[in-house]
Amino acid sequence: MTKEELIELKRKLSILSKEENKKRDLYLKKIALGEVEGPVTGYPTIDKPWLKYIDVEKVYEKKNDYTVYEEIYNKSKDFPNRVALEFFGRVITYKELFENINKCANTLLDNGVKEGDFVTICSAGTPEMVYLFYALSKIGAIANFVPPYFDKKNMVDRIKDCNSKHMFVMDTFYDSVKDSSDESGIENVVIMPLLNSSLLRFIKKTPKVKNPNVKYWNKFIGKDKTDRFTYKYKPNKPLALIYSSGSTGDSKAILLSNESFQNSIHSYDACAISMDYRQKFYQIIPPWFSTGLSTSIHLPLSKGATVFMDPRIDKKTFVNNIVKRHINATVATATMYDGFVENPPGKRADLSGFTNAFEGGEPFKEARKRKIEKVLENHGCRESIKIGYGQCESGSGITTQTDDFYCSDESIGIPIPGVTVGIFDSNFNELPYNEKGQILALTKCAMIEYYKNPKATSEYFHTDEFGQRWSCTGDLGSIDEDGMVYIYGRQSDFSTINGKKIYNFDVEKTIIDDEDINNCAVVSQSFGEEEENLAVHLVLSKDFLQKSIDNPQMIEDKFIGIQNKLYEKFGEIEYVPKYFKVRDSIPTAKSSKRDNKALKMDIDNFTYVEFDDNKKIFKKNK
């Protein structure tokens, strides 16, 4: 197919009606299943081979036009005694949830909050945060979820941008934001004690803030739990302002609509991801990320399930909670799952009920994944960890794995139902199957904009010649003939060694495929030299470290083996690191992702291993 023919075909497809698109998708599914023979173009966005795994009828089912509040209320209003939230030993029923949402909504109305107003929230996952989010939806206001780690200027600017007059802050974050609240025009500060909804509040007392202008949640929130007012759905209405992780640059304010959340939760019904009121979902990703708010809170509540909340971002706590609290489902970063290898559960731990383990937010190489799954399997878990891929800008998910189809090694699954994914070159020409390029997504869950940042918004979205707005992920990937999407890493995740671009994830993938290595990270560091060098941070297995106590040379030999392996694979000295550090774990940022900034700043206790590619000499530099 010529480029001109491809463009003309895409033009015709862009003007199809919804009913015509449904008929075409049903036909494409039959082609993908081998039930009929039909023309295949070789381009994923046209052929959509992933449709073989999707219930097309459900994709096109008419959905109710609900706000996120109406969604969870209509789902569980008739089941008031089911458990909605679990928090540090306290269970909160759906009846209590809706009563607390009403109390919060009525108090906001009494304090002048109206449709379209922004209310700032600086909190980890707590019941009070949940009440507040749905109360704002109930009255048509917008939640501005600011991370506590913003510096003062960032915090002040973000609050001023949206002209927010009210701030709700978790007590443990107050010291981080108190100066910002004074200078940003905030008129009303309400502190939410972390343990307010837990029985532990009677045991662990926190010192009160001595500021007459600051109020506390229990005194501020009124007692009126009547359903005084419920805002009705309007299309494209802003719902939440959340923030990108900042792992590849400055964090950006992302304005999401009600549709971003609703389209996302309904899409999973069409690809065999089962969730119902019997399941307990562990929310660990913070709510200032869309995965923490949409996938980890709104999705399970919309199914009538229980949300287990523990805001501690700690690998050992993560593992203990999954074991002791009988968790059925979660979405967490690969770094959190590393806890199963670094701090394995006790022999009697039962993980047979851990059926919906999803990973997202970080690259998750197959070798690393296998090591974690081996621990899970040893404790009765019969399901693999399913990889999901998405971005805050996309409203959370873009692709997912499910139990209904085979996922080849390294695949991040298929496009979520209703999402079209393609691979494009730097000029936005679509690439055929198995070619590497940037991943672009056409999704109804995408953000409205980077708030008050038209330049960044225009850079993130690519509007093609047919008016379709594609999300540019900035990730390198490919799609195979079966519809499986593969991700290799960020376009920006590279080091320049001797003038050559080296993708760090290519080096990591080669290193991690070693049973003695639990985890690794590759970054470029200068170590006081003019040129930067590849540096490898390694987490070695406990068995290997135990053996090396009597034979320290084993560790040096491991470094040399890594060099040899990389040179044999790539054939270029630029791919061979010379600096190595053995660590207990890879540092974690407050986003729960790998802390690349901390890695690059760490220059102590490295071993330098010289490498001579001409003489094939490997030796430690004394």
Scanning segment 302-333 residue by residue, those among the basic types (Lys, Arg), over 16 Å from residue 85 (Cα atoms) and either part of a loop (DSSP other than H, G, I, E, B) or open to solvent by less than 30 Å² (accessible area, probe 1.4 Å) (or both) turn out to be 312, 315
Condition check: among the aromatic types (Phe, Trp, Tyr), modelled with pLDDT of 95 or more and at negative phi. Does residue 133 satisfy that?
yes
If you go through segment 592-606 one residue at a time, how many are assigned to a loop (DSSP other than H, G, I, E, B) and either closer than 20 Å to residue 338 by Cα or open to solvent by 50 Å² or more (accessible area, probe 1.4 Å) (or both)?
6
Checking the structure you have, find out if any residue of segment 413-427 is under 30 Å from residue 344 (Cα atoms) and touching a residue at least 60 places away in the same chain (Cβ under 8 Å).
yes
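To keep it simple, each residue is scored yes or no on (1) under 18 Å from residue 342 (Cβ atoms); (2) in a helix (DSSP H, G or I); (3) open to solvent by less than 70 Å² (accessible area, probe 1.4 Å).
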| site | (1), (2), (3) |
| --- | --- |
| 538 | yes, no, yes |
| 546 | yes, yes, no |
| 559 | no, yes, yes |
| 581 | yes, no, yes |
| 609 | no, no, yes |
Look at segment 424-476 and say how many of its residues are of a type in the set (Gly, Ala, Ser), within 25 Å of the chain's Cα centre (by Cα) and open to solvent by 50 Å² or more (accessible area, probe 1.4 Å).
1
Given the conditions (1) open to solvent by less than 30 Å² (accessible area, probe 1.4 Å); (2) of a type outside the set (D, E, K, R); (3) in contact (Cβ under 8 Å) with a residue 24 or more places away in the chain; (4) within 20 Å of residue 214 (Cα to Cα), and given that residue 181 satisfies all but one, which numbered condition is not satisfied?
(3)
Between a first residue in segment 497-509 that is free of Cβ contacts under 8 Å to residues at least 60 places away in the same chain and in a strand (DSSP E or B) and a second residue that is of a type outside the set (A, V, I, L, M) and open to solvent by 50 Å² or more (accessible area, probe 1.4 Å), which pairs have beta carbons less than 6 Å apart while being 6 or more apart in sequence or on different chains?
501/494; 503/494
Identity of the residue in segment 521-536, assigned to a strand (DSSP E or B) and more than 30 Å from residue 431 (Cβ to Cβ), that ends up most open to solvent (accessible area, probe 1.4 Å):
533
Given the structure, is residue 420 under 30 Å from residue 466 (Cα atoms), of a type in the set (S, T, N, Q) and crowded, with 23+ Cβ neighbours inside 10 Å?
no
Can you spot a residue in segment 46-68 that is in contact (Cβ under 8 Å) with a residue 24 or more places away in the chain, more than 30 Å from residue 9 (Cα to Cα) and not in a loop (DSSP other than H, G, I, E, B)?
yes
Go through the residues of segment 360-375 one by one and say whether even a single one is in contact with a strand residue (DSSP E or B) (Cβ under 8 Å, 6 or more places away or on another chain), closer than 23 Å to residue 279 by Cα and either acidic (Asp, Glu) or not in a loop (DSSP other than H, G, I, E, B) (or both).
no
Has segment 63-70 got at least one residue that is buried (at least 16 other Cβ atoms within 10 Å of the Cβ) and farther than 24 Å from residue 134 by Cβ?
no
Hits in segment 485-509 (condition: open to solvent by 10 Å² or more (accessible area, probe 1.4 Å), among the polar types (S, T, N, Q) and either over 28 Å from residue 44 (Cα atoms) or touching a Gly at 6+ places or on another chain (Cβ under 6 Å) (or both)):
491, 496, 498
Restricting segment 268-285 to residues that are farther than 21 Å from residue 323 by Cα and open to solvent by less than 10 Å² (accessible area, probe 1.4 Å), the residue that is modelled with the lowest pLDDT
271
Every residue in segment 462-499 that is more than 24 Å from residue 260 (Cα to Cα), at pLDDT 95 or above and β-branched (Val, Ile, Thr), please.
479
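The values are calculated or read from the model by the stated rules, or taken from the named source; none is laboratory data. Not measured: the values here are computed from a predicted model. Counting neighbours? That spans all protein chains shown, and the Cβs are built from the backbone with ideal geometry, glycine included. Each accessible area value is taken on the protein alone, full model and side chains, heavy atoms only, with ligands, DNA and RNA left out. Shrake-Rupley method; radii C 1.70, N 1.55, O 1.52, S 1.80 Å.
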